Amino acid sequence: MTQFSSQHPEPFKIKMVEPITLVNRTEREKALENAGLNVFNLLAEKVFIDLLTDSGTGAMSEAQWAGLLSGDESYAGSPSFLHLRDTVTEVTGFPFVLPTHQGRAAENVLHSAMIKEGNVIPGNSHFDTTKAHIEFRKARAIDCTIDECFDPTIDHPFKGNVDLEKLENAVNKHGVENIPFVLITVTNNSGGGQPVSLENIRSVAEFCKERKLKLFFDAARFSENAWFISTREPGQIGRPIPEIVHEIFSYGQGMTMSAKKDAIVNIGGFIATNDEEIFEVCKQYNILFEGFITYGGLAGRDMEALAIGLKEGMDHAYLTSRIEQVKRFGDSLHEAGIPTLRPPGGHAIYIDAKRFLPHIDQEQFPAQALVCELYLESGVRAVEIGTVLADRDPDTGKNRPPELELMRLAIPRRVYTDNHLAYVKDALVRLYERREKIRGLKFTHEPKLLRHFSARFEWV
Ligand SMILES: Cc1ncc(COP(=O)(O)O)c(C=O)c1O
């Protein structure tokens, strides 16, 4: 039966298009082999639908493109910086703002200022670059996410929540003096793009206040998190997104931001804080690593587009059309019997590789194998969020297979139509039908740091 009915239509129309081409199976096989079975090494022209990441891959609006032309390129004191700073302060309430070229650069600066060897940083699931920056400083990230997060079949509205008991245990074990800050990531990307409730943020903030601990946010998808709060949380239904965002940040001392997500820019990030002492130290590291404090690794035009995108990303109609599209895609896979992480996340659908490929041991990277097979089947690029990404334990040197072994299909903002996603679904259905024939992988090259970006593999 043909289905053609409207659901949460996009509040924009398309003014410019970019051609994409599906290369044939033989070319895909050659391309993947040359890439060492790692889709990060694929040339983009060999990819048909690119769901590798939602980071920096969104379509900017006409207002943002206009901002690129009006951006001011002064080294110091650019009006584009002031526009960015004032917008960040208006949106988040944080008065001190440092631009950086992307999220991990903000982490590098903040962590240089705050983290010492032997420290621990508890929070919900840390993103890989965050964890890597923590471990690079010989500190440790402690995942205190609620247990429900680690069961892909449980339908919980706020699977990104911090478990207060786990947090308390971590603090008691390691001592307040060894914890430079507690970190909440919104939404919880590594845990399935799942939101954190406002009530949970309040409770963590209260706990931190009692212990005199600082609370920071990894805020890449704060608008999507606020949308979930406004549609799922009792007492918050229908509340304006900007109000929720303001309240979230009012509970913390600062944030790092990868603006390539919810601010819908191709490059950019920032640190924002209300702690002047931390800001002063961060300023020095920003100059060292990123550039002067009024541009921090960005061109004036980038800051202009970022300031505009930050507000566009909070528009309720836009957020509804985006997150509902992700949900429609996820529900269609679920209904087709494909094991996905439930409920659908805000920016991505995660396929549960443990249930898709139960015959492949985690040490043979089932999610990575699935990513390769999906590319071969359809030219669609996804990404592994599993054992490869989890890296080795820095203390034991052993692989640390995570509880969730996932293939992530990240949906770029304002880029693909439902028809594109239906193509991806059909490819996954075909793969699922022949899943028993899929084999695992082993390393032929394993880098020491952030190995998933550049590792190479062969089929077992
Ligand atoms: C939650 C989270 N934090 C931090 C980052 C790092 O940001 P960037 O890629 O801009 O360096 C990402 C990016 O993927 C992310 O998803």
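Asn189 passes every criterion in (1) modelled with pLDDT of 95 or more; (2) buried (at least 16 other Cβ atoms within 10 Å of the Cβ) apart from (1). The set of residues in the stretch 115-125 being in contact (Cβ under 8 Å) with a residue 24 or more places away in the chain and either away from the ligand (no atom under 15 Å from the Cβ) or farther than 25 Å from Glu276 by Cα (or both) consists of Ile115, Lys116, Gly118, Asn119, Val120, Pro122, Asn124, Ser125.
Would you mind stating whether Gly71 is open to solvent by less than 40 Å² (accessible area, probe 1.4 Å) and away from the ligand (no atom under 16 Å from the Cβ)? Taking the combined requirement at face value, the residue satisfies it. Looking across the stretch 276-317, the residues that are in contact with a Gly (Cβ under 7 Å, 6 or more places away or on another chain), open to solvent by less than 10 Å² (accessible area, probe 1.4 Å) and within 27 Å of His8 (Cβ to Cβ) come down to Ala305, Leu306.
From the set of residues in the stretch 204-219 that are open to solvent by less than 10 Å² (accessible area, probe 1.4 Å) and either hydroxyl-bearing (Ser, Thr, Tyr) or within 15 Å of the ligand (Cβ to nearest atom) (or both), which is farthest from Val91 (Cα to Cα)? Break it down into steps so the answer makes sense when it comes.
To start, the set of residues in the stretch 204-219 that are open to solvent by less than 10 Å² (accessible area, probe 1.4 Å) comprises 204, 208, 215-217, 219.
From what is left, the residues that are either hydroxyl-bearing (Ser, Thr, Tyr) or within 15 Å of the ligand (Cβ to nearest atom) (or both) are 216-217, 219.
Numbers: Phe216: 16, Phe217: 14, Ala219: 12 Å.
Out of the qualifying residues, it is Phe216.
Specify which of the listed residues (Pro122, Pro157, Pro152) is in contact with a Cys (Cβ under 9 Å, 6 or more places away or on another chain) and more than 30 Å from Ile267 (Cβ to Cβ).
Details: Pro157 fails: in contact with a Cys (Cβ under 9 Å, 6 or more places away or on another chain); Pro152 fails: in contact with a Cys (Cβ under 9 Å, 6 or more places away or on another chain).
Only one candidate qualifies: Pro122.
The set of residues from the stretch 10-20 being farther than 22 Å from Leu319 by Cβ and either open to solvent by less than 80 Å² (accessible area, probe 1.4 Å) or assigned by TED's automatic domain parsing to the domain that holds Arg414 (or both) comprises just one member, Ile20. Sub-7 Å Cβ pairs linking a first residue in the stretch 435-460 that is closer than 18 Å to Tyr375 by Cα to a second residue that is of a type in the set (Gly, Ala, Ser) and surrounded by fewer than 13 Cβ atoms within 10 Å (Cβ to Cβ), at least 6 apart or interchain, number zero.
Against the condition among the small types (Gly, Ala, Ser) and either within 16 Å of the ligand (Cβ to nearest atom) or open to solvent by 10 Å² or more (accessible area, probe 1.4 Å) (or both), how does Ser112 come out, does it pass?
On the way: among the small types (Gly, Ala, Ser): yes; either within 16 Å of the ligand (Cβ to nearest atom) or open to solvent by 10 Å² or more (accessible area, probe 1.4 Å) (or both): yes.
For Ser112, the condition - among the small types (Gly, Ala, Ser) and either within 16 Å of the ligand (Cβ to nearest atom) or open to solvent by 10 Å² or more (accessible area, probe 1.4 Å) (or both) - is met.
Could you tell me whether Ile154 is in contact with a helix residue (DSSP H, G or I) (Cβ under 8 Å, 6 or more places away or on another chain) and within 15 Å of the ligand (Cβ to nearest atom)? Let's see the steps before the verdict.
Numbers: in contact with a helix residue (DSSP H, G or I) (Cβ under 8 Å, 6 or more places away or on another chain): yes; within 15 Å of the ligand (Cβ to nearest atom): no.
Against the criterion (in contact with a helix residue (DSSP H, G or I) (Cβ under 8 Å, 6 or more places away or on another chain) and within 15 Å of the ligand (Cβ to nearest atom)), Ile154 does not qualify.
The values are calculated or read from the model by the stated rules, or taken from the named source; none is laboratory data. This structure is a prediction, so every number in the text was calculated from the model and none was measured. Cβ sites come from the backbone with ideal geometry, for glycine too, and all protein chains shown count toward neighbours. Surface accessibility is based on the protein's heavy atoms, side chains included, excluding ligands, DNA and RNA. Shrake-Rupley method; radii C 1.70, N 1.55, O 1.52, S 1.80 Å.
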